[in-house]
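In what follows, a structure is listed as structure tokens, so that the remarks can point back to it.
The values are calculated or read from the model by the stated rules, or taken from the named source; none is laboratory data. Computed from a prediction, not measured in an experiment: that's the story for all the values here. Here the Cβ positions follow ideal geometry from the backbone for every residue, glycine too, while neighbour counts run over all protein chains shown.
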Amino acid sequence: MKDALHNIEPGPSASHYDLAIVGAGIVGLATAREFLLRQPALRVIVLEKEPTIASQQSGHNSGVIHSGIYYAPGSLKARACVEGHQALLAFCREQGIPFELCGKVIVALDESELPRLEDLYQRGIKNGVQGLEFIEPERLRELEPYAAGIKAIHSPNTGIIDYAQVAQAYARQVQEHGGEIVTGCEVTTLTTRDAQSVLGIRQAGVVTLETEIHARYVITCGGLQSDKLSRMSGKDSQVHIVPFQRRHGTRKGRHYYDENSQVHIVPFRGDYYVLRPEKRHMLRSLIYPVPDPRFPFLGVHFTRRLDGEVWAGPNAVLAFAREGYRRWQIHPGDMWEVLSFGGFWKMAAQYWQTGLAEMYRDYVKAAYIKELQRYMPELQAADLLPGPSGVRAQALTADGRLVDDFLIQHGENVIHVQNAPSPAATSSLVIARMIFDEARRSFDPAKKVQQQSSKMRKNVLE
């Protein structure tokens, strides 16, 4: 890698900016980088409430470079992942960030899963994923000697990486191009005043400081807090959903969403086990299941990490806090927001059996191991140690539907990245380009900022 990240700013250096980005996760940082590369004159600030960048979802994932097999052809996910895969690899080679294209097998355990495996293969082909092939048990055993399965898809271009290093590289380029990154700075309000966005911020430190900054445009990439940031905009911002996915039908090859649909973030925690060091030889690459198309969650799988660790999991259970990475980490306010949302109960009524099964496996290790043994029969409980956890920000509609595609909202001066689950890290560079293009359509930063920036900077000097 190149030089380390510059010092993070202790606070905003000014009170007026052309663009403020809320959230220094991998998508927020990629977006700031994209704007500065394409509009170098912009004065850009990135605000992050945590003490460090990429400390939530971006720093709690399994580190897989996805190739784009799973996603519906024509969906935003499919396009962004396939293009993002190549863009990410090119960026990493340029920046000297280590990665490995170790490959992945998606295994069908019995005859009932073969039609879904075939559908998955066809999805990958339609999405333009390179190198996919069906393999029989003999070839599967050559690739993964300990894997079960009667047939599999081999994806040789799936890889592994440390996304924290990618986020650091994005942040470094933001700073090199004149952008500011301020951590420990929480956005508490987001309003409009005199055709500008006004962000109320709270800075943590020895003394908590509360102030506000002004920005011509705001983009929020808040992950687990994305719906809260969206609601801060209020009616004045005329927020509506960018038509990436509508409930009824498609248009111009893109999936569309009901513009009147209320979206709420529900946190799902996923716990991993890790293989003991002496058992790491049981996995050579990645072993994945054939996913159930009814759910956005893949189910338990096996992932090799760049540092040599092998992760097994995750499950998917309701987290008792938006940032609840531990089983008994409870935030009453977060829980009330979930339980008082009607869409949650409609979703729970539909999937209660699956939810109970996931909770049972979460508390009973033997049940969790039994699920893992379906894919690696020789695995024993003694081979596993407790591992890390992650929390997925799952967008849920008022009628109980789990939003699977990327989802973006925008108003006159603001864009909200509302739903950016996996493969957002793989797709981050392409998502950033899409956000820039959407911003150009929504508030035309190239034209308007040129008209306003000199006036704004004059105000700063005054």
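Mind checking whether some residue in the stretch 332-340 is assigned by TED's automatic domain parsing to the domain that holds LYS104, out of contact with any helix residue (DSSP H, G or I) (no Cβ under 6 Å at 6 or more places or on another chain), free of Cβ contacts under 8 Å to residues at least 40 places away in the same chain and under 21 Å from GLN57 (Cβ atoms)? Spell out how you get there, then give the answer.
First pass over the stretch 332-340, keeping only residues assigned by TED's automatic domain parsing to the domain that holds LYS104: 332-340.
Filter once more, so that each one left must be out of contact with any helix residue (DSSP H, G or I) (no Cβ under 6 Å at 6 or more places or on another chain): 332-337, 339-340.
Now drop any that are not free of Cβ contacts under 8 Å to residues at least 40 places away in the same chain, which leaves 332-333, 335-336, 339-340.
Of the ones still in play, those that are also under 21 Å from GLN57 (Cβ atoms) are 333, 335.
Within the stretch 332-340 (the criterion being assigned by TED's automatic domain parsing to the domain that holds LYS104, out of contact with any helix residue (DSSP H, G or I) (no Cβ under 6 Å at 6 or more places or on another chain), free of Cβ contacts under 8 Å to residues at least 40 places away in the same chain and under 21 Å from GLN57 (Cβ atoms)), the answer is yes, since at least one residue qualifies.
Residue by residue, here is whether (1) touching a Gly at 6+ places or on another chain (Cβ under 8 Å); (2) without any contact (Cβ under 8 Å) to a residue 12 or more places away in the chain; (3) under 20 Å from VAL27 (Cβ atoms) holds:
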site	(1), (2), (3)
HIS85	yes, no, yes
LEU88	no, no, yes
ILE97	no, no, yes
LYS104	no, no, no
LEU117	no, no, no
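So ASP362 ticks every box in (1) in a loop (DSSP other than H, G, I, E, B); (2) at negative phi but one. Which box is left unticked?
(1)
Which of the residues belonging to the stretch 190-221 are touching an Asp or Glu at 6+ places or on another chain (Cβ under 8 Å) and surrounded by fewer than 21 Cβ atoms within 10 Å (Cβ to Cβ)? If you could, list the steps in order and put the result at the bottom.
Initially, the stretch 190-221 is screened for residues touching an Asp or Glu at 6+ places or on another chain (Cβ under 8 Å), giving 191-192, 198-204, 215-217.
Within the stretch 190-221, THR191, THR192, VAL198, GLY200, ARG202, GLN203, ALA204 qualify.
State all residues of the stretch 109-125 that are over 28 Å from the mean Cα position of the chain (by Cα) and either aromatic (Phe, Trp, Tyr) or within 21 Å of ARG141 (Cβ to Cβ) (or both); if no residue qualifies, say none. Working first, answer last.
Filtering the stretch 109-125 for residues over 28 Å from the mean Cα position of the chain (by Cα) gives 109-112, 114-115.
The answer is LEU109, ASP110, GLU111, LEU114.
Tell me the strands (runs of 3 or more DSSP E) entirely within the stretch 378-445 that contain at least 2 residues that are closer than 28 Å to LEU199 by Cβ and among the β-branched types (Val, Ile, Thr).
Values: elements: 384-397, 407-410, 414-419.
Fully inside the stretch 378-445 and qualifying: 384-397, 414-419.
The rows are residues; the columns are (1) in contact with a strand residue (DSSP E or B) (Cβ under 9 Å, 6 or more places away or on another chain); (2) among the acidic types (Asp, Glu); (3) not in a helix (DSSP H, G or I).
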residue: VAL82; (1), (2), (3): no, no, no
residue: LEU88; (1), (2), (3): yes, no, no
residue: GLU94; (1), (2), (3): no, yes, no
residue: GLU118; (1), (2), (3): yes, yes, no
residue: ARG123; (1), (2), (3): no, no, no
residue: GLU138; (1), (2), (3): no, yes, no
residue: PRO145; (1), (2), (3): no, no, yes
residue: ALA148; (1), (2), (3): yes, no, yes
residue: GLN173; (1), (2), (3): no, no, no
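Output the residue which, of all residues in the stretch 312-321 that are surrounded by 22 or more Cβ atoms within 10 Å (Cβ to Cβ) and either at pLDDT 95 or above or not polar (S, T, N, Q) (or both), is farthest from GLN353 (Cα to Cα). Full working, then the answer.
As a first pass, look at the stretch 312-321 and keep what is surrounded by 22 or more Cβ atoms within 10 Å (Cβ to Cβ): 312-316, 319.
Those left that are additionally either at pLDDT 95 or above or not polar (S, T, N, Q) (or both): 312-314, 316, 319.
Working: ALA312: 23, GLY313: 19, PRO314: 18, ALA316: 13, ALA319: 17 Å.
The selected residue is ALA312.
So which residues in the stretch 322-354 are modelled with pLDDT of 90 or more and of a type in the set (Val, Ile, Thr)?
ILE330, VAL338
Checking LYS365 against (1) of a type in the set (Lys, Arg); (2) at pLDDT below 95; (3) under 24 Å from SER422 (Cβ atoms): exactly one of these is not met. Which one?
(3)
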